[in-house]
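> This is the structure, below, for whatever I ask next.
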Amino acid sequence: MDQIKIRGGEKLNGTIEISGSKNAALPIIVASLLTHKKVIIRRVPDLADVRTILELLTFFGAKLNIQSGIGGKVIEIRNERIINNKAPYELVRKMRASVLVLGALLARCGEAMVSLPGGCAIGTRPIDIHLKALEKLGAKISLEDGYVKAEAPKGLTGSVINMPKVSVGATENLMMAAVHAKGETVLHNAAKEPEIFELGCFLNSMGSRVSGMGTDKIIINGIKELSETDFTVVNDRIEAGTYAIAAAITGGKIRLEGVNIEHLGSLFNILSKTGVSIIKDNSSVLISRDRSILPVDIITEPYPGFPTDMQAQMMAFLSLGEGTSKITENIFENRFMHIPELTRMGADITQVGSTATVNGVRKLKGAPVMATDLRASVSLVLAGLAAHGETVISRIYHLDRGYENLVFKLTNCGADIKRVAGV
Ligand code: UD1
């Protein structure tokens, strides 16, 4: 298995073009299942998770045409006939987002089976909210040999659904399920993430009647037929945030091109409190740091709060702070698996319950480390960029799931980083 080797200490300097958003592209690709018409999706990042979801669609009968395009792949999808409506364990276990096919397949075929999901090991990650809400739309849900079976042979019926907890995936699943339901569906306590807004825009580009996306009340009026569409995926706010921290942690200066600045409000707010300079200019932003890192307290929350997907990267950064920072993880109970690895690199971090106390140290030291989930992996890359000596990161397949051309983008800014065949 490949490894990443980093010789740290270089101040990064240059420009990075931000790719299309993984978490926006995945549900949009899945939503193509709702129509038999041609769907074109542009600026799709070339990532393992995208390949997994496309493999799943092919398994259901999709015909794909994939071309290179500006800022990512252009994927033409035709789901003319669904030949299979069971998502197998071998594919679902690779990526939790596969559970999103439940709503779309149920809406299209009146029946769907999905293996219980796998994905990043950052907690128990149940799907009870998805299932209860689908039941409210009239689906019959049962569990068979590790598979969830959803049936609605006469179609789904719109309903008012109060989500007990804010869930990105459940909101997306429900939006897709409700597109062909009879009448109106109202989702209360819906997730407000930009990726939800994008999914709503994508569905509407096919003629769906979705409103309120981006707020906590989404209304979907069901329709029978959707039309063709040609849609471009938004930029990846988490990728942008990660490279902002690459600039900050190395005391360098990076211009991020193709950024939706308003999607990064909470991160930029926190970063400026630590002393990082952020100069915004339409769709680009210049990030630099020339002073010491001030400690700051962070609590992860649903959007527009501080994203859990930036927590590990921020922890790597604050481990070099001048003082003590506290990071509370409110979304996933087990999302601190980067702590022991950062500690191996000299960080001083202790965890009690859902709060990590990060006592800043003067320097990090390169070490062999192992990544355990996507964002934890990239936090080790960031730590390695700032550390003295060599860091060797194993199990980098997690990085391949979520960061397009990571080594290339960082090398272009002067990082000493390479991918090598593992021993
Ligand atoms: C999505 C993102 C992930 C991000 C997360 C939170 C994708 C592909 N993944 O994941 O990168 O970290 O949002 O912003 O877009 N929960 C339940 N029952 C459910 C569903 C969720 O208890 O049925 C809980 C989860 O365990 C978690 C919380 O709700 O504690 C939020 O999870 P959710 O928003 O659903 O995350 P995902 O959609 O899986």
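The values are calculated or read from the model by the stated rules, or taken from the named source; none is laboratory data. The shown structure was predicted, so the numbers you read here are calculated from the model rather than taken from an experiment. A quick note on method: Cβ atoms are made from the backbone with ideal geometry, for glycine too, and the neighbour counts reach across all protein chains shown.
> Scan the stretch 1-20 and tell me whether some residue there is assigned to a loop (DSSP other than H, G, I, E, B), away from the ligand (no atom under 16 Å from the Cβ), farther than 22 Å from THR242 by Cα and without any contact (Cβ under 8 Å) to a residue 60 or more places away in the chain.
No; the residues of the stretch 1-20 include none that is assigned to a loop (DSSP other than H, G, I, E, B), away from the ligand (no atom under 16 Å from the Cβ), farther than 22 Å from THR242 by Cα and without any contact (Cβ under 8 Å) to a residue 60 or more places away in the chain.
> Continuing with the same structure: Kindly check whether there is at least one residue in the stretch 326-334 that is in contact (Cβ under 8 Å) with a residue 40 or more places away in the chain, surrounded by fewer than 17 Cβ atoms within 10 Å (Cβ to Cβ) and in the same structural domain as HIS388 (by TED's automatic domain parsing).
Yes, the stretch 326-334 contains at least one residue that is in contact (Cβ under 8 Å) with a residue 40 or more places away in the chain, surrounded by fewer than 17 Cβ atoms within 10 Å (Cβ to Cβ) and in the same structural domain as HIS388 (by TED's automatic domain parsing).
> I'd like the full set of residues that are touching a Gly at 6+ places or on another chain (Cβ under 6 Å), outside any helix (DSSP H, G or I) and of a type outside the set (A, V, I, L, M), limited to the stretch 360-386.
GLY360, LYS365, GLY366
> What are the residues in the stretch 139-179 that are within 11 Å of ALA107 (Cα to Cα), of a type outside the set (S, T, N, Q) and out of contact with any Asp or Glu (no Cβ under 9 Å at 6 or more places or on another chain), if any?
Listed by number, the residues that qualify are LYS154, GLY155, LEU156, LEU174, MET175, MET176, ALA177, VAL179.
> Just to verify a result, which residue in the stretch 201-238, among those that are in contact with a strand residue (DSSP E or B) (Cβ under 8 Å, 6 or more places away or on another chain) and within 22 Å of GLU301 (Cα to Cα), is nearest to the ligand (Cβ to nearest atom)?
Looking at residues that are in contact with a strand residue (DSSP E or B) (Cβ under 8 Å, 6 or more places away or on another chain) and within 22 Å of GLU301 (Cα to Cα), I get ASP236.
> On the given criteria, is LEU264 crowded, with 22+ Cβ neighbours inside 10 Å, modelled with pLDDT of 95 or more, more than 16 Å from the ligand (Cβ to nearest atom) and in a helix (DSSP H, G or I)?
When the stated conditions are applied, LEU264 does not pass them.
> Let me ask something else about it. On the basis of being at negative phi, out of contact with any helix residue (DSSP H, G or I) (no Cβ under 8 Å at 6 or more places or on another chain) and in a strand (DSSP E or B), does THR357 make the cut?
When the stated conditions are applied, THR357 passes them.
> If we keep just the residues of the stretch 118-139 that are among the hydrophobic types (A, V, I, L, M, F, W, C) and within 12 Å of the ligand (Cβ to nearest atom), which is modelled with the lowest pLDDT?
So the residue we want is CYS120.
> Oh, and also: Kindly evaluate GLY71 against the criterion of being surrounded by 15 or more Cβ atoms within 10 Å (Cβ to Cβ), in contact (Cβ under 8 Å) with a residue 60 or more places away in the chain and within 16 Å of the ligand (Cβ to nearest atom).
Criteria not met by GLY71.
> Sticking with this structure for a sec: Quickly run through the stretch 328-372 and pick out the residues that are under 13 Å from PHE317 (Cα atoms) and of a type in the set (A, V, I, L, M, F, W, C).
Within the stretch 328-372, ILE339, LEU342, MET345, ALA347, ILE349, VAL358, VAL361, LEU364 meet the criteria.
> On to the next question. Considering ILE270, ILE245, ILE278, which residue is touching a strand residue (DSSP E or B) at 6+ places or on another chain (Cβ under 9 Å), in a strand (DSSP E or B), under 23 Å from SER319 (Cβ atoms) and not assigned by TED's automatic domain parsing to the domain that holds ALA181?
ILE278
> One residue is enough: does the stretch 7-17 have a residue meeting the conditions of a type in the set (Lys, Arg), closer than 30 Å to SER288 by Cα and buried (at least 22 other Cβ atoms within 10 Å of the Cβ)?
No, every residue in the stretch 7-17 fails to be of a type in the set (Lys, Arg), closer than 30 Å to SER288 by Cα and buried (at least 22 other Cβ atoms within 10 Å of the Cβ).
> Taking GLU301 and the conditions (1) within 16 Å of the ligand (Cβ to nearest atom); (2) among the acidic types (Asp, Glu); (3) under 24 Å from HIS388 (Cα atoms), which numbered condition does it fall short on, given that it satisfies the others?
Answer for GLU301: the failing condition is (3).
> Can you confirm whether the stretch 225-242 contains a residue that is over 30 Å from GLY384 (Cβ atoms), among the basic types (Lys, Arg) and at pLDDT 95 or above?
No, the stretch 225-242 contains no residue that is over 30 Å from GLY384 (Cβ atoms), among the basic types (Lys, Arg) and at pLDDT 95 or above.
> Could you list, ordered by first residue, the pairs with Cβ atoms under 8 Å in which the first is in the stretch 302-317 and touching a residue at least 12 places away in the same chain (Cβ under 8 Å) and in a loop (DSSP other than H, G, I, E, B) and the second is among the charged types (D, E, K, R) and near the ligand (Cβ under 9 Å from one of its atoms), at least 6 apart or interchain?
As it stands, the answer is PRO302/GLU193; TYR303/GLU193, since those pairs meet every condition given.
> Looking at the structure I just gave you, is THR250 over 22 Å from the mean Cα position of the chain (by Cα) and β-branched (Val, Ile, Thr)?
Yes, satisfied.
> Give the residues of the stretch 140-180 that are more than 13 Å from the ligand (Cβ to nearest atom), outside any strand (DSSP E or B) and surrounded by fewer than 24 Cβ atoms within 10 Å (Cβ to Cβ), sorted by residue number.
Residues satisfying the conditions are ASP145, GLY146, ALA152, PRO153, LYS154, GLY155, GLY158, SER159, HIS180.
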